[in-house]
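For reference, the structure discussed in these notes is given below.
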Amino acid sequence: MTPRGGPSGSRYNAPTSAASKTSPTWVPVLMFGLLALGIAIIFFNYVGWMPGGMKNLYLMVGLGSILGGIITATRFH
C-alpha cells in the first residue's frame, strides 16, 4: 500500500525540462519541404509536366515524399 498522495509505481520518472521538448529548426522545415515537394511532384505528374510524361514512378516518389513529411511531423514538438 502506498502512502496517500505518493507515487503508485515503483519507478520514478524525473520531469523533463521545456528545452528538451523543443525541436530543432530543421524539423518543421524538412516536414513542410517534403510535404510540398510530394504535392508538387504529384501535381506536375498529373498535368504531364514531368520528363517522360505521366509515370507511376513519379507518383510513388511523390507519395513517398508525403509519407516522409508525415513521419517527420511525428517527431515535431
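The values are calculated or read from the model by the stated rules, or taken from the named source; none is laboratory data. Fair warning: this is a prediction, and the values are worked out from it, not measured in the lab. No Cβ is skipped: glycine too gets one built from the backbone with ideal geometry, and neighbour counts run over all protein chains shown.
Any idea which residue in segment 31-77 is surrounded by the most Cβ atoms within 10 Å (Cβ to Cβ), counting only those that are among the aromatic types (Phe, Trp, Tyr) and farther than 30 Å from SER20 by Cβ? Lay out the reasoning, then the answer.
As a first pass, look at segment 31-77 and keep what is among the aromatic types (Phe, Trp, Tyr): 32, 43-44, 46, 49, 58, 76.
Those left that are additionally farther than 30 Å from SER20 by Cβ: 43-44, 46, 49, 58.
Numbers: PHE43: 12, PHE44: 15, TYR46: 13, TRP49: 11, TYR58: 18.
Looking at residues that are among the aromatic types (Phe, Trp, Tyr) and farther than 30 Å from SER20 by Cβ, I get TYR58.
Figure legend. Inter-residue proximity from segment 7-27: first residues within 21 Å of PHE76 (Cβ to Cβ), second residues modelled with pLDDT of 85 or more and among the polar types (S, T, N, Q), beta-carbon distance below 8 Å, spacing 6+ or different chains. Indicated pairs: VAL27/THR72. Within segment 32-40, identify whether any single residue is in contact with a helix residue (DSSP H, G or I) (Cβ under 6 Å, 6 or more places away or on another chain), assigned to a helix (DSSP H, G or I), at pLDDT 90 or above and of a type in the set (Phe, Trp, Tyr), and answer yes or no. There is no residue in segment 32-40 that is in contact with a helix residue (DSSP H, G or I) (Cβ under 6 Å, 6 or more places away or on another chain), assigned to a helix (DSSP H, G or I), at pLDDT 90 or above and of a type in the set (Phe, Trp, Tyr).
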